[in-house]
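The structure appears below as structure tokens.
The values are calculated or read from the model by the stated rules, or taken from the named source; none is laboratory data. In this text the structure is predicted, and so the values were computed from the model without any measurement. Here Cβ is always computed from backbone atoms with ideal geometry, including for glycine, and neighbour counts include all displayed protein chains. Surface accessibility is based on the protein's heavy atoms, side chains included, excluding ligands, DNA and RNA. Shrake-Rupley method; radii C 1.70, N 1.55, O 1.52, S 1.80 Å.
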Amino acid sequence: MNKPKIILIGKNKNLLDLICFSLQTNFRFEIVRFVSILDVIEYMDVNTDFCLVISDFAIGEKQFSNTLKTFMDKKIDVPFFALGATKKFREKNENREVVSEYIGKKNILEDLNSAVEKYFSVDKSVEPKEFCEVGFSVLTSFEGLQTDLFIQLPTGRHLKIYRQEDQINDEDVSKYQGKGVDELFLHKKVSHWLLNTINKNIESVVDNIESNKPVVLQVEPPMPEVKVEEVVEEALDEKDLMSKLNEASEEENLNKIHKDINEIFEITEELEKELGEKVGKAVKAVQKVPHLSKLLKKLNVSRNGDDYCKSHVGLLCKLTTAICHIMDWKQDATIEKLVFVSYLHDITLSDFPHLARIQSKEELRKLGDKISPDEKKVFLEHPEVIKKLVDEMPEAPADASNIILQHHENCQGTGFPFGHSANRLLPLTAVFIIAHDLVSFIIDDPNWDMKVFAELASERYSGANFNKIVRKLKTLKLK
Ligand SMILES: [Fe+2]
Ligand SMILES: [Fe+2]
């Protein structure tokens, strides 16, 4: 479930950083921040999923009144808190009663906490998050702060970017800004510890922030002892950080694709688990052959370009299984065979990831001189070479090597190595070829549409084995 949202409005970014830090250390809200009233109005026009509005009076009396009026006109039944409103406003303004709580700035953070607790029953049984967001300005207001510092990856996991022994200074912090690292995270215990110091000096902290003077706080030893529960990876330097960030966003994209496929093909958790077991079995069989095992390792740690080979194989396993599922081909051996073929069909191309992307003789021809004669040979011969390797594997499923041999054939008879047409291809070759095309279709277009693929497929394929799959694809309930 999404966290409940708070709208926070103010013009001083550093003050908003501070308020967010305090709210997120103490509660589990998501905070949507605004420095422009026009943006708030626009947001409120289309969103109703917030449970509290907090506005700083310092955005200007007129702006504040406009915000309040917009809020009132929308008849939204959530509390509205005003921070630092003047006495005149509180006593005279015609809409003063719309404000649920007036909070002064003398002890702004603790008073705000009490007000939040008054309106929301805070579920103490819910485990607090282990990491807590912290703005750059809050961090750099502490002199000599030495603490582990984390970021959140697109996958939701955390990554350590500073170790306790590194001193954090302005330069370090600003170097990450604008590189997709907009929020830093501290361990919850450290957040509480820092917040204590802030609250002890809150009046002067807010005064300084509002008069644009630097805030300089001293950390108060002892620093709390922290034991991180989550398994957290560490970035060694800036380059490592950027590559880990890229990797995580690739992984997140891939997770989303798998999720969409699961939905479209109605893949249950049980089937997913079964697929995992089949993958384990295929991998084990491959590991018994030293030469193939080496290639498999390469495929799994591939850092070439965008991990094409690795994600390609994962998606193929998923889609061949998905097609069997909609065809109602429930035999264990069928899925096992297709998973095995998915892993091995291009295995000798693990050394040449750019070749694994080529699908037809036509594509190869178009690449001209970009592919050397030796590479051309490797590519054109890989179905036969791999078939031979698989035939020597005692644990290879029956017919797996023939599907591999046929995986670059097509219905028109313009494929290779033989140029066989549809009626010469095995039924499971049809599954594999269609799944393979669908994987390319998905990888090529992040906004892929299953309906478009189903239409394309009915033009592209012919022959009984292919047609019956295409008919099923067309019956899928699409998003
Ligand atoms: Fe291939
Ligand atoms: Fe492939």
> Relative to the longest principal Cα axis of the chain, at what angle does helix 61-73 sit, 0 to 90 degrees, rounded to 10?
Replying inline: 60 degrees
> Per residue, what accessible area does the chain have, given a 1.4 Å probe and all protein chains present, in Å²?
Replying inline: 52 Å²
>> I'd like the carbon and sulfur percentage of the solvent accessible area for the chain, probe radius 1.4 Å, heavy atoms only, ligands and nucleic acids excluded.
In response: 49 percent
>> Which residue, 279, 98, 262, has the largest displacement toward the positive end of the dipole of the chain when charges sit on each Cβ (Lys, Arg +1; Asp, Glu -1)?
In response: 262
>> Distance between the C-alpha centers of segment 332-401 and segment 253-291? Whole Å please.
In response: 20 Å
> Of 155, 331, 29, which is farthest on the positive side of the dipole of the chain, counting Cα position, with +1 on Lys and Arg Cβ, -1 on Asp and Glu Cβ, and the Cα centre as origin?
Replying inline: 331
> Setting aside same-chain residues fewer than 8 positions from residue 259, which aspartates and glutamates have a Cα under 15 Å from its Cα?
Replying inline: 250, 251, 269, 270, 272, 449
> Once amide H atoms are built 1.01 Å from N in the peptide plane, which residues 5 or more positions from residue 267, or in another chain, come under 5 Å H to H?
Replying inline: none
> Gain in length, residue 476 to residue 107, computed as 0.36 nm per residue apart minus the alpha-carbon separation, to one decimal in nm?
Replying inline: 127.0 nm
> With a sphere of radius 12 Å drawn around the Cβ of residue 317, what net charge do the other residues whose Cβ falls strictly inside it have (Lys, Arg +1; Asp, Glu -1)?
Replying inline: +1
> In segment 261-361, what GluC sites (Glu not before Pro) fall in a loop by DSSP, with at most 15 other Cβ atoms inside 10 Å?
Replying inline: 266
> Quick one: putting +1 on the C-beta of Lys and Arg, -1 on the C-beta of Asp and Glu, what dipole do you get for the chain around its Cα centre, in Debye to the nearest 20?
Replying inline: 920 debye
> Any idea what angle helix 427-444 forms with the longest principal axis of the chain, computed on alpha-carbon atoms, 0 to 90 degrees, nearest 10?
Replying inline: 40 degrees
> Quick one: of the DSSP bridges fully inside the chain, what percent are antiparallel, nearest 5?
Replying inline: 30 percent
>> Give me the dipole magnitude in Debye, nearest 20, for segment 266-475 about the Cα centre, with unit charges on the beta carbon: positive for Lys and Arg, negative for Asp and Glu.
In response: 260 debye
